[in-house]
Amino acid sequence: MEAFQVLSVLLLTAAATDAQSFHIGKCPQPPVQEDFDVAKYMGIWYEIERLPAIHEKGKCIQANYTLLSDGTVSIRNAELLPNGKVNSIQGTAKVKDPSQPAILGISFFKGVSDAPYWVLSTDYQTYSLVYACSDYYGVFHFDFAWILARTRVLAEEVISQLHDKMAVVNVDLNQLIVANQTDCDGHSL
Ligand SMILES: *[C@@H]1O[C@H](CO)[C@@H](O)[C@H](O)[C@H]1NC(C)=O
Ligand SMILES: *[C@@H]1O[C@H](CO)[C@@H](O)[C@H](O)[C@H]1NC(C)=O
């Protein structure tokens, strides 16, 4: 690809998404959760913080993961929109390489290639740190990161430890958005 094309793609994508989650160079290859047990990871996770991800606009964002008999994971993400309606989306996740169980590919639309979902660190019962990075021609990459928790509030010291792990993979901590998990009860998400 010519330099001009690379530059155009780069500027377009940077303008279309949030320029801050954009980095020059290839994706980092951070260590993931050792001996990841997908079964223990199933159930409800609430979003605590995230890097800007344009497809999420609501509050009370939560995910429900269910292990299916074929070993794939069914995902249901739900959020409460400003107009009070619940917006949900169904997807699937799967481990591609059994020797790397903490590295999943998730997909919400048929025909669209999987998005990465790397579980960097989880204790299954309290928190999870999820990282996703997409490489473009080995020239630049976009990263996304989420802190998830089993409850709508996560202790500050845990968040702070996860921030340290994010900093190691060059996640721009200034760009993290704190999810709004207040007044979520009473809505059937
Ligand atoms: C999560 O999904 C499972 C399987 O569909 C369902 O049985 C369960 O009620 C869901 N949990 C919540 C809180 O929605
Ligand atoms: C979170 O949502 C509540 C209720 O919808 C709202 O009152 C509050 O201002 C929001 N908090 C933030 C930090 O946006």
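The numbers here are math on the coordinates, done by the rules we state, and not lab data. Source: prediction; values computed, not measured. Don't worry about glycine lacking a Cβ; one is built from the backbone with ideal geometry, like all the others, and counts go over all protein chains shown.
Just a few scattered comments:
- Label sites at Ile89 and Tyr124, each approximated as a point 7 angstrom past Cα along Cα to Cβ, lie 2.9 nm apart.
- Greater than 30 Å apart at Cα, pairs in Lys40/Lys96; Lys26/Lys94; Lys26/Lys59: Lys26/Lys59
- Multiplying the residue separation of Leu81 and Asn180 by 0.36 nm and removing their Cα-Cα distance gives an extension gain of 34.5 nm.
- Efficiency of FRET between Asn170 and Ser69 - r from beta-carbon atoms, R0 41 angstrom, step 0.05: 0.60
- Computed on the Cα atoms alone, the convex hull of the chain gives a volume of 136 cubic angstrom per residue.
- Applying 0.36 nm per residue to the separation of Gln100 and Ser134 and subtracting their alpha-carbon distance, the gain on full extension is 10.5 nm.
- Mean-position separation - Cα centroids, region 132-189 and region 94-118, in angstrom: 18 Å
- Kirkwood Rh and Cα Rg combined as Rg over Rh, evaluated for region 86-189: 0.98
- Between Ser160 and Phe22, the modelled labels are 3.4 nm apart [label points 7 Å from Cα along Cα→Cβ].
- In this calculation the C-beta distance from Val112 to Met42 is compared with R0 = 22 Å, giving a FRET efficiency of 0.40.
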